[in-house]
Amino acid sequence: LLGNRHGKATGRAEMEAALHKEISRLLQETEAKIVGKSEKE
């Protein structure tokens with residue numbers, strides 16, 4: 001967290017990129033579960 005003032009923009013961009021990765025991963029997992037369920041029935 002030290003020296004965060006000058007790197008706030010890049011830090012924020014990295015955080016947003018990580019968030020997008022996490023969200024898309026969760027979406028893919030959820031989709032896979034839904035597809036798996038509908039295929040079983």
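The values are calculated or read from the model by the stated rules, or taken from the named source; none is laboratory data. Remember, it's a predicted structure, so these values are computed and weren't measured experimentally. Cβ sites come from the backbone with ideal geometry, for glycine too, and all protein chains shown count toward neighbours.
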Report task. Evaluate the stretch 11-33: report whether one residue or more is among the β-branched types (V, I, T), at pLDDT below 95 and assigned to a helix (DSSP H, G or I). Result -> no
Query raised in the report: If you go through the stretch 25-41, how many residues are β-branched (V, I, T) and under 15 Å from the mean Cα position of the chain (by Cα)?
Result: 1
Report summary line: In the stretch 8-24, anything over 8 Å from the mean Cα position of the chain (by Cα) and surrounded by 10 or more Cβ atoms within 10 Å (Cβ to Cβ) is listed as G11, R12, A13, E14, M15, E16
